[in-house]
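We did not get these values from a lab; they are worked out from the coordinates using the rules stated. Bear in mind that the values here come from a model prediction, so they are computed numbers and not experimental data. Cβ coordinates were reconstructed from backbone atoms using ideal geometry, including for glycine residues, and neighbour counts include every protein chain displayed.
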Amino acid sequence: MSSAYGPGKAILFGEHAVVYGRPAIAVPIGKVRACATVNPGTPGAGLVMSALDLGRIYGLADASVDDSLRAITLNTLAFLGIRLPLDLVVEVTSTIPVACGLGSGTAVSTAIVRALAAHFGVTLPNTAVSSLVYEVEKIHHGRPSGIDNTVVTYEQPVYFVKGQPIETLRVAKPFQLVIGDTGVCSPTRVAVNDVCLAWQCDPAGYEGLFDKIGAVADQARRAIESGAVDLLGGWMDENHCLLQHLDVSSPELDRLVWAAKQAGAAGAKLSGAGRGGNMIALATADSTAAVESALWAAGARGVIVTEVR
Ligand code: PMV
């Protein structure tokens, strides 16, 4: 038996603009994770996927070509040079809410790649894991920037620019995030597509917004690396406002952001593709409990408190 996991993730700054070449910052969220376990299967049964959290057990031979669990399994086996047919059971479990910007699909793919590699006695470098996961991200996202697979695979805070070598971030002073889930499922592909259509209608206006978001990500990077945590809240507020201009916020997200701020959060913004999913708030030791209660009271379906370090 071989097991591996992939952590959740949150985008702190720069979502959407990152698809258009601007920088973004993301951190792993280790409190939630996906796990994959590979076991020998019944002879002749072929490759079986057991995703009990999703209520599904199925043979990969019967899965459609756009099934991402099938794709990551077959791509990884091909990469490892393993020939089919093969009798294996790949079991997947996850505590990451699905389709809400916390990287559930990415974490599942990462866990499967690593568990399969371990089963065949191979330790893959992060670059290889990340590229395998990226290929499957295309099924979820359409035109992913690559930030999700990078932060989940490397499991470190990253400053990410599409197409450039990965840069991990040194967090000079740890800070607390309170993450609130709207409970509204929001497929990344839809929000990314809508931004693309709007950009096509008004390229100059959208490029201007992306520039501003990229500048915020750069300022935030300096604050994180210099330990100026007190500046981060303002940059989160600014980023949320720019995301509202991109039309990717929602009444539910705005309500949670507002509630967190009223309860003393230093800043708050949506995180990920938006339209639903999660928001993040920056809290201090003094304000964390109040922000958490305020999010529940404002209708959050889940709240995670985590430290970024
Ligand atoms: O999958 P999500 O919800 O975390 O969104 C990914 C971030 C986007 O910038 C919206 C898309 C991308 O590929 O970078």
Among trypsin sites (Lys or Arg not before Pro) in the range 170-237, those in a DSSP loop whose Cβ has at most 14 other Cβ atoms within 10 Å are ARG170
Tell me, how many Å apart are the Cα centres for the range 245-309 and for the range 184-209?
-> 22 Å
So VAL98 and ARG301, fully extended at 0.36 nm per residue minus their Cα-Cα distance, gain in nm 71.8 nm
Heads up, the range 1-131 by the C-alpha gyration tensor (a ≥ b ≥ c square roots of eigenvalues; a/c under 1.5 rounded, else a/b over b/c prolate, else oblate) looks prolate
Can you tell me the dipole magnitude for the chain around its Cα centre, using point charges on the Cβ only (Lys, Arg +1; Asp, Glu -1), in Debye to the nearest 20?
-> 400 debye
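Multiply the residue separation of SER293 and LYS173 by 0.36 nm, subtract the distance between their alpha-carbon atoms, and state the gained length in nm to one decimal.
Working: separation 120, 0.36 × 120 = 43.20 nm, distance 2.50 nm.
The span from SER293 to LYS173 would gain 40.7 nm if fully extended.
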Round to the nearest 10 and give me the degree value, 0 to 90, for the angle of helix 251-262's Cα axis relative to the longest principal axis of the chain.
-> 60 degrees
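Which whole-number percent gives the relative contact order of the range 170-308, counting Cα pairs below 8 Å spaced six or more residues apart?
On the way: 254 pairs, mean separation 57.1, N = 139.
Taking the mean separation of contacting Cα pairs over the length of the range 170-308, I get 41 percent.
Fewest to most neighbouring Cβ within 10 Å: what's the order for VAL89, VAL178, VAL308?
With the sparsest Cβ surroundings first, the list reads VAL89, VAL308, VAL178.
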Simple label model, 7 Å out from Cα along Cβ direction - ARG222 to LEU52, nm | 5.2 nm
What is the spin-label model distance, in nm, from ARG143 to LYS162 if the labels are put 7 Å beyond Cα along the C-beta direction?
-> 0.6 nm
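What are the semi-axes of the equivalent ellipsoid for the range 98-202, taken as the square roots of 5 times the Cα gyration tensor eigenvalues, largest first, in whole Å?
Three semi-axes, in Å: 25, 19, 16.
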Length gain on complete extension for the stretch GLU207 to THR42, per 0.36 nm per residue less the alpha carbon to alpha carbon distance?
-> 53.9 nm
Packing-based exposure ordering (other Cβ within 10 Å, fewest first) of CYS196, CYS185 = CYS185, CYS196
On average over all directions, what projected area in square nanometres does the chain have, based on the convex hull of its Cα atoms?
-> 15.3 nm²
